[in-house]
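To start, the structure under review is shown below, and the notes come after it.
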Amino acid sequence: MFKTKNGMAIPVAPAAPQGPRAVAKRAAVPTIVSADMVVEGNFQSTGELHVEGVVVGDIAVAKLIIAEGGSVEGDVATLDLRVCGTLRGSARAKVATLTASAVMTGDVVHELLTIETGAQLEGHCRRLRPEPEILVEEVVTEPEPEPPPPQWSNGHEHHEHHAHGD
């Protein structure tokens, strides 16, 4: 999970089933707030949200695209953020892109940030350190055995003699 400063978590979709009887899972269709819609309330999803209209509320999704002409007023937490429209609120994203038509008022916390020429940003940017990968299985390492002493061609072991000087 990826968390926002107010504790709102971004849900991550579970892994697809594996094995011979696994059914191929289609990618989910993104949720779309069309240009003629105004939505008041919070969004939380493991999928993708496209905002072409207006959203007033916090958003926690895996991927968020605010289209040109679209507007979000609220805090955003996502793995992948693309702003082409207007965002008034803070954003926390693994990857954030503000396109040339973007207008953002608020702070951006990110791992990777792209700001295209022409984008308007009024706020602070802070880079996150990448989260370490979590290992699913415990790795057990055993010490490697010591290599056998070198053998000379006559079959006898070689013993080193050191001269000690004063």
Subject >> Of all residues making up segment 26-47, the number that are more than 17 Å from G74 (Cα to Cα) and among the charged types (D, E, K, R) >> reply: 2
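Here is a list: G70, G57, G106, G53. Which entry is out of contact with any Ser or Thr (no Cβ under 6 Å at 6 or more places or on another chain), small (G, A, S), modelled with pLDDT of 95 or more and surrounded by fewer than 20 Cβ atoms within 10 Å (Cβ to Cβ)?
Criteria check complete, one pass: G57.
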**OP:** Name every residue in segment 113-150 that is modelled with pLDDT under 95, among the aliphatic types (A, V, I, L, M) and either within 25 Å of S71 (Cβ to Cβ) or loosely packed, with under 10 Cβ neighbours inside 10 Å (or both), in order of residue number.
**Re:** I134, L135, V136, V139, V140
Subject >> Number of the exception - A77 against (1) modelled with pLDDT of 95 or more; (2) assigned to a loop (DSSP other than H, G, I, E, B) >> reply: (2)
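The values are calculated or read from the model by the stated rules, or taken from the named source; none is laboratory data. On a predicted model such as this, the values are computed, not experimentally measured, just so you know. A quick note on method: Cβ atoms are made from the backbone with ideal geometry, for glycine too, and the neighbour counts reach across all protein chains shown.
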